[in-house]
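For reference, the structure discussed in these notes is given below.
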Amino acid sequence: MSVLRRKARRAQGDVLDDPLDAAQERRVRAVLALGGVPQADLPDGVQQVRLRLLERAARGDEAPRDVSAWAAVVASNLAMDWHRAKRRQERVGERLASLRQLEHPSGEDTSVLSLAVAQGLDELPDAQRQVLVLRFYADLPVRGIAEELGIPEGTVKSRLHTAVRALRARLHEDEVV
């Protein structure tokens, strides 16, 4: 390892010790939970994001311009991988438990709405669910989602529009809203 790289690593000691701050970790947890990862697997998902960030540094790659956005996209990809590996209906209850951990339930209406949204998210195609979660739950801008996923902004907007319309239709169909 070059002397310059070692000096740079020492100068970034805080980043190398824990590459995610508390707010970034909460965001990663939220993206994983909303992506369908069960509560019990959230710590592993957070560690995977940390590991990937550390691996980038170890390879000598440049740090992401926006670590928060990069971590949210990595978390979203991890959630999609997990989602593909499990049957959808087995996770509805686990997703609701994760959502209850993240939000303070305010009654039966919130539980019914949470269930309907979780089921609606499950029915969306992976690409639509990914952009919807990144936009509305990870609070990434359309441009940031496009850059991180390597797709045009128009594609992000189109997927968002289609996903929101499908989710809205589902909620009206279930008479939740």
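Brief remarks on what is shown
- So GLN89, is it modelled with pLDDT under 65 and within 17 Å of ARG170 (Cβ to Cβ): yes
- Hits in the stretch 118-127 (condition: part of a helix (DSSP H, G or I) and either open to solvent by less than 20 Å² (accessible area, probe 1.4 Å) or touching a residue at least 40 places away in the same chain (Cβ under 8 Å) (or both)): ALA118, GLN119, GLY120, LEU121, ASP122, GLU123, ASP126
- Residue match in the stretch 123-132 (condition: out of contact with any strand residue (DSSP E or B) (no Cβ under 8 Å at 6 or more places or on another chain), of a type in the set (Lys, Arg) and either modelled with pLDDT of 85 or more or closer than 15 Å to ARG27 by Cβ (or both)): yes
- Scanning the stretch 104-117 for any residue that is exposed (fewer than 13 other Cβ atoms within 10 Å of the Cβ), more than 14 Å from the chain's Cα centre (by Cα) and either at positive phi or at pLDDT 90 or above (or both) turns up at least one such residue.
- Yes/no for LEU78 being buried (at least 17 other Cβ atoms within 10 Å of the Cβ), not hydroxyl-bearing (Ser, Thr, Tyr) and not in a helix (DSSP H, G or I): no
- From the list ARG26, ARG52, the lone residue that is of a type in the set (Lys, Arg), open to solvent by 30 Å² or more (accessible area, probe 1.4 Å), within 26 Å of GLN119 (Cβ to Cβ) and modelled with pLDDT of 90 or more is ARG26.
- Members of the stretch 46-75 that are in contact (Cβ under 8 Å) with a residue 24 or more places away in the chain, part of a loop (DSSP other than H, G, I, E, B) and over 16 Å from LEU149 (Cα atoms): GLY60, ALA63
- Residue selected from the stretch 128-177 under the condition in a loop (DSSP other than H, G, I, E, B) and under 18 Å from ARG65 (Cα atoms), by the criterion nearest to the chain's Cα centre (by Cα): ALA138
- Considering residues of the stretch 137-177 that are buried (at least 18 other Cβ atoms within 10 Å of the Cβ) and not aliphatic (A, V, I, L, M) only, the residue nearest to LEU113 (Cα to Cα): ARG170
- Of all residues in the stretch 40-62, exactly one satisfies the criterion of being in contact with a Lys or Arg (Cβ under 7 Å, 6 or more places away or on another chain) and farther than 16 Å from SER76 by Cβ, namely GLY60.
The values are calculated or read from the model by the stated rules, or taken from the named source; none is laboratory data. Keep in mind it's a predicted model, so treat the numbers as computed, not measured. In this analysis, Cβ positions are derived from the backbone assuming ideal geometry, glycine residues included, and neighbour counts consider all displayed protein chains. All accessible areas refer to the heavy atoms of the entire protein, side chains included, with ligands and DNA or RNA removed. Shrake-Rupley method; radii C 1.70, N 1.55, O 1.52, S 1.80 Å.
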